[in-house]
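The values are calculated or read from the model by the stated rules, or taken from the named source; none is laboratory data. Remember, predicted model here, so these are calculated numbers, not experimental data. Every residue, glycine among them, receives a Cβ derived from its backbone with ideal geometry; neighbour counts consider all protein chains shown. Side chains included, ligands, DNA and RNA excluded: accessible areas come from the protein's heavy atoms. Shrake-Rupley method; radii C 1.70, N 1.55, O 1.52, S 1.80 Å.
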Amino acid sequence: MKNAFDLIIFGGTGDLSMRKIVPSIYRSFQQGDIPNDSRILMCCRKQTDFDNMLKTIETKLKLYLKDGEFTQDKWHSFSMLLTPVQLDVIKFDEKWDIFGQLFDGFTDRIRVFYLAILPSIYGECCENLHKKDLITRVTRVVVEKPIGYDLVSAEAINEKIAKHFVEDQIFRIDHYLGKETVQNLLTLRFGNFLFENLWDSKSIDHIQISITEQVGLEGRAGFYDEIGAMRDMVQNHLLQLLCLIAIDSPNQLSSDALRIEKVKVLQALKPLINGDIEKNTVRGQYVSGLIDGQKVPGYLDELGNYESSTETYAALKVYIENWRWTGVPFYLRTGKRLKKRSAEIIIQFKDVTHNVYDFNANKLKPNQLILKLQPDEKIQMRLMANDVAGGTTRLQPILLNLDFGKEQDAPQATSYQRLIMDAVRGNSTLFIHREEVTAAWQWVDPIVESWKNSDISPELYTAGSWGPKKADELFEKPHQKWHENQ
Ligand code: BG6
């Protein structure tokens, strides 16, 4: 029997809540994971008429859910869970008294406070929850990235939250960790014998982690211009993916055991300092171009500020200094307004040690393990095979394809859905520990700082391309290339 719980969303009608949080909860409800007597408290600063709020939520659900997911019946029962709350998070006035009374008689219930608000006011929000005595032992707080914009600000935010919540009550979301293929990366590594003996510098040539987007600023110009691609994507999503590829096996899949391994990897990242930054990183900014045949404006036009040198693209060559990975380059890349929306990890194995085929047999290509996170969720293995037609040896690369969209019948949980329900259940395995935030900023800060102080402007790239040409020069050896160029 699933227990009822209270989920309280601060920033209830904000963009994140409408786009990701509420559709995810609706899906969990539809799939029977949320008991009917649970409550979802939608807190917003502005006075809102409840009927209007419901209409907005209904419209947004129809917009953001997949075809067929929204039904009038389900919406009717789901809307019964919703309670509107008018509350200014940082103004500790009588509205907080009314808010506090909503929990009278519900003390033993799991309470999840989801802070879909600016990180700069996380501290005050937690302080007010504490003043109203709303933090019980079964209370959890969910916070979003970015946690700060550098180490100092991240420490300050984490410190303020930690004044009122202990670490196992704090759920820092990185939605990439909730993606299906990321889960499967762990299973692939730790549920199979096959790969472990090949998972190191003896067998792996290099690794690519690439998250490319077609979208531009999506109405977040002010926010994005302050942070750029490095802080928005690399500090969190890309480094988290890197960690999961690079960690040693934990002794069990608990959040503590996993965290210890991830922190070890983050601390083993070879620092990029001074001259290394110019050699091992490329930052870019898009100019107007065509995406899927549609003209899109350049970053500065979209922003309306022609002075900005914020990067909308970042590519880096990264090394991990430990026994397993020494000498293996990890190429990371992310950017907006690129040719395709895609997130993938390519693990490229070394060439065979001796080629027994003659030169007419076509060229051998190295094995690759390809983990596709989006748009489709797939794991592929590139092997060489012989095309027997014609009677001669004609080597061809073939792909073994594991397509999660096709192989699994159960509806796939979206990453937010999975993570929100994990927070409700108190399972923090797929969340970010404070030590990881600290270690990631420690590595990222010098790079951002050096870019900020540099006289060199970001490389310009045309929207709809694969980013600055200069990123091709990051590769260490001639046979190494970005996946789309192979
Ligand atoms: C967010 C970033 O964390 O991830 C956005 O802030 C980015 O800038 C988004 O667009 C990408 O997420 P996804 O799941 O669409 O690849």
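Here is the figure for the range 113-131: residues that are modelled with pLDDT of 95 or more, among the small types (Gly, Ala, Ser) and under 21 Å from the mean Cα position of the chain (by Cα) total 1.
When 134, 102, 82, 151 are checked against the criterion of being over 24 Å from the mean Cα position of the chain (by Cα), in contact (Cβ under 8 Å) with a residue 60 or more places away in the chain and away from the ligand (no atom under 16 Å from the Cβ), a single residue qualifies: 102. Based on this model, can you work out whether residue 324 counts as open to solvent by 10 Å² or more (accessible area, probe 1.4 Å), within 15 Å of the ligand (Cβ to nearest atom), in a loop (DSSP other than H, G, I, E, B) and within 30 Å of residue 479 (Cβ to Cβ)? Here the answer is no, as residue 324 does not meet what is asked. Considering 129, 63, the condition of being out of contact with any helix residue (DSSP H, G or I) (no Cβ under 7 Å at 6 or more places or on another chain), in a helix (DSSP H, G or I) and crowded, with 18+ Cβ neighbours inside 10 Å is satisfied by 129 alone. What single numbered condition from (1) open to solvent by 10 Å² or more (accessible area, probe 1.4 Å); (2) within 16 Å of the ligand (Cβ to nearest atom); (3) outside any helix (DSSP H, G or I) fails to hold for residue 205? It fails just one condition, (2).
Applying the condition of being assigned to a loop (DSSP other than H, G, I, E, B) and of a type in the set (Ser, Thr, Tyr) to the range 227-257 and asking which residue is farthest from the ligand (Cβ to nearest atom) yields 249.
Listed by position, the strands (runs of 3 or more DSSP E) enclosed by the range 367-457 that each have at least 1 residues that are within 16 Å of the ligand (Cβ to nearest atom) and in contact with a helix residue (DSSP H, G or I) (Cβ under 9 Å, 6 or more places away or on another chain) are 368-374, 378-386. Here residue 272 meets each of (1) touching a residue at least 24 places away in the same chain (Cβ under 8 Å); (2) surrounded by fewer than 19 Cβ atoms within 10 Å (Cβ to Cβ); (3) assigned to a loop (DSSP other than H, G, I, E, B); (4) more than 21 Å from the chain's Cα centre (by Cα) with one exception, condition (2). When the range 79-113 is filtered for residues that are in a loop (DSSP other than H, G, I, E, B) and either under 25 Å from residue 56 (Cα atoms) or of a type in the set (Val, Ile, Thr) (or both), the ones remaining, listed by number, are 80, 81, 87, 88, 89, 90, 102, 107. Annotation note: of 34, 40, 25, the sole residue that is open to solvent by less than 20 Å² (accessible area, probe 1.4 Å), among the β-branched types (Val, Ile, Thr) and in a helix (DSSP H, G or I) is 25. Under the condition of being free of Cβ contacts under 8 Å to residues at least 24 places away in the same chain and either touching a His at 6+ places or on another chain (Cβ under 7 Å) or over 13 Å from residue 311 (Cα atoms) (or both), the residues counted in the range 450-465 number 2. Scanning the range 353-366 for residues that are modelled with pLDDT of 95 or more and surrounded by 15 or more Cβ atoms within 10 Å (Cβ to Cβ) turns up at least one hit.
Could you say whether any residue in the range 166-182 is more than 21 Å from residue 129 (Cα to Cα), modelled with pLDDT under 95 and away from the ligand (no atom under 13 Å from the Cβ)? No, that holds for no residue.
Name the single residue, out of those in the range 1-22 being without any contact (Cβ under 8 Å) to a residue 60 or more places away in the chain and outside any helix (DSSP H, G or I), that is farthest from residue 107 (Cα to Cα).
13
For the range 213-226, taking the residues that are hydrophobic (A, V, I, L, M, F, W, C) and open to solvent by 20 Å² or more (accessible area, probe 1.4 Å), the one that is farthest from the ligand (Cβ to nearest atom) is identified as 221.
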